[in-house]
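See structure below.
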Amino acid sequence: MEEIAMNQQKTKVISRKLILFPIPFQGHVTPMLHLANLLYSKSFSITIIQTRYSSLDPKCFPHFTFYSLDDEVSENKSFSSDNLVPGLVEMQENYREPFRVCLGRVLDGVEPGSEPFKCLIADSLWRFPGDVAESFNLRRIAFRTSSMSAFVVNDYLPYFKDKGYFLQGSEPEEPLHEIPPFRVKDLPGEDHHDILAFVVHQTKTSQGVICNSFEELESPSITRVREILSIPVYPIGPLHKYSPTSASSILTEDHTSISWLDKQPPNSVLYVSFGSMAAISSTDFLEIAWALANSKQPFLWVVRPGLSQCPLPEDYMEIVKDRGHIVKWAPQVEVLAHSAIGGFWTHCGWNSTIESISEGVPMLCLPFFVDQAMNARHVSETWKTGLVLENGIRRDEIEKGIRRLMVEEEGEAMRSRAASFKKLATQCLMDGGSSYKALDALISYLLAS
Ligand code: UDX
């Protein structure tokens, strides 16, 4: 019955037009493109407004229409944990007016008599689409690329500030009874609070929220978000399961990752990647390198340009021999789905976390900033599909963590729980599943004028 209903919807929506506006960071562009492909597959026509920096190549997406902002930021800036906050503030200032002009151009370009654009879907990290969309009388949906728990925490931040949790001398281990299982030390640092306050504001003032999560994973937080917001919430994830979009990769994927994995036994390899933004000191980089070498476990390690200024020791590959494979960027979802992968040492960015959970891979967590400590805390305490390196980056500690995850019984139990989440992540997308229903509700909302 539902299948038929969806098909009928398809006929009706053929000319319904949507505008999408991603933030030009890897962890934001990728899920937005998954969303774009998904909505296109439901017969929506997709226009993407993008900044000049980190432009997606329209040739790779002939089914979408692209507009570029006429912005001043034409140089190819690279963002990392070191310059993220000032970089984001600068972006918000530089892109506001070009976005207003560009959105006007898109809306003016509609041919007389044809269907007008009805909705803008903007990343909730942007500060200005709310006001701009309102000035054009355009509906706006916020797209959230981080977890729903992190949203709940962000909403609590002013209250926690009043309670003195960010003052010197506060107890980092103190549990936050309002939002278990978090502790004071899992909260985002004060330098990010302004940005997060805008995210909360942009979300609260939108007409709906799409998020890359699913009910079975974050049910209490999704319920809480529904209480906080008086707008519809659509948890339709995990988004990467709908369509592959390697074309959204800002760096070139190295496919020797897969040919190397093909030669390894099942569940034997530790995949190591700290996402698209983490920048680490030379000391930490060498501790990580030697921990991997000393662990004697096979590993596939992504050493992204910008991860560290420190080169690997000259004899490193001779020491690890063919037990280790190092690439600049990997096809991560394909890697995580590979049968040779037994664990993922991750920074716990939300995309990496949900990709790992959905592919049934247990995690060793090394969070760096913003939401990552909260994601790591859920991995170890709520879902129990991994463990967190809590005592800094020290080779002996890391080696112990790698053994616990890859070799010991404890790791096996985490792997088996991760396999259960993989099932849930698949079922929620199937006919009648939670994300399937949320997507249906989203489509109905987008169809309503
Ligand atoms: C940033 C923040 O760090 C994170 O906390 C926030 O939730 C989103 O923005 P990022 O560092 O980019 O995230 O990490 P993550 O969210 O995990 O996204 C990285 C993306 O790059 C993932 O989709 C991952 O599959 C992809 N990736 C990573 C690759 O395709 N290849 C790689 O080699 C590494």
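Structure values in brief
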item: Every residue from region 1-46 that is of a type in the set (S, T, N, Q), at pLDDT below 50 and in contact with a Leu (Cβ under 9 Å, 6 or more places away or on another chain); result: 9
item: Filter result for residue 421 (of a type in the set (Phe, Trp, Tyr) and in a loop (DSSP other than H, G, I, E, B)); result: no
item: Residue among 272, 225 that is among the β-branched types (Val, Ile, Thr), surrounded by 21 or more Cβ atoms within 10 Å (Cβ to Cβ) and more than 16 Å from residue 326 (Cα to Cα); result: 225
item: Leading residue by the ranking (farthest from the chain's Cα centre (by Cα)) among those in region 330-346 that are surrounded by fewer than 23 Cβ atoms within 10 Å (Cβ to Cβ) and not aliphatic (A, V, I, L, M); result: 339
item: Residue within region 97-113 that is under 29 Å from residue 190 (Cα atoms) and among the charged types (D, E, K, R) present; result: yes
item: Helices (runs of 4 or more DSSP H) fully within region 244-340 counting 1 or more residues that are under 24 Å from residue 357 (Cβ atoms) and in contact (Cβ under 8 Å) with a residue 60 or more places away in the chain; result: 256-261, 282-295, 332-336
item: Which numbered condition residue 379 fails, given (1) part of a loop (DSSP other than H, G, I, E, B); (2) touching a Gly at 6+ places or on another chain (Cβ under 7 Å); (3) β-branched (Val, Ile, Thr); result: (1)
item: Criterion (among the hydroxyl-bearing types (Ser, Thr, Tyr), exposed (fewer than 15 other Cβ atoms within 10 Å of the Cβ) and touching a helix residue (DSSP H, G or I) at 6+ places or on another chain (Cβ under 8 Å)) met by exactly one of 135, 149, 206; result: 135
item: Pairs where the first residue, in region 388-413, is more than 13 Å from residue 364 (Cβ to Cβ) and the second is part of a helix (DSSP H, G or I) and among the aliphatic types (A, V, I, L, M), C-beta under 6 Å, 6+ apart; result: 395/291
item: Boolean, residue 120 is in a helix (DSSP H, G or I) and assigned by TED's automatic domain parsing to the domain that holds residue 204; result: no
item: Residue list for region 293-328, restricted to those being within 15 Å of the ligand (Cβ to nearest atom), over 24 Å from residue 267 (Cβ atoms) and not small (Gly, Ala, Ser); result: 304, 305, 307, 328
item: Failed item, numbered, when residue 290 is tested on (1) over 28 Å from residue 424 (Cα atoms); (2) of a type outside the set (D, E, K, R); (3) within 16 Å of the ligand (Cβ to nearest atom); result: (3)
item: Residue 267, sole failed condition from (1) at positive phi; (2) not assigned by TED's automatic domain parsing to the domain that holds residue 357; result: (2)
item: Residues of region 148-188 satisfying the condition of being assigned to a helix (DSSP H, G or I), closer than 25 Å to residue 352 by Cα and among the hydrophobic types (A, V, I, L, M, F, W, C); result: 148, 150, 151, 152, 153, 157, 184
item: Per-region count, region 123-147, residues within 16 Å of the ligand (Cβ to nearest atom) and either in contact with a Pro (Cβ under 7 Å, 6 or more places away or on another chain) or in a strand (DSSP E or B) (or both); result: 5
item: Some residue of region 254-263 being touching a helix residue (DSSP H, G or I) at 6+ places or on another chain (Cβ under 9 Å), near the ligand (Cβ under 10 Å from one of its atoms) and closer than 25 Å to residue 31 by Cα; result: yes
item: Yes/no for residue 339 being within 12 Å of the ligand (Cβ to nearest atom) and outside the structural domain of residue 150 (by TED's automatic domain parsing); result: no
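The values are calculated or read from the model by the stated rules, or taken from the named source; none is laboratory data. Model, not experiment: these values are computed from the prediction. Here Cβ is always computed from backbone atoms with ideal geometry, including for glycine, and neighbour counts include all displayed protein chains.
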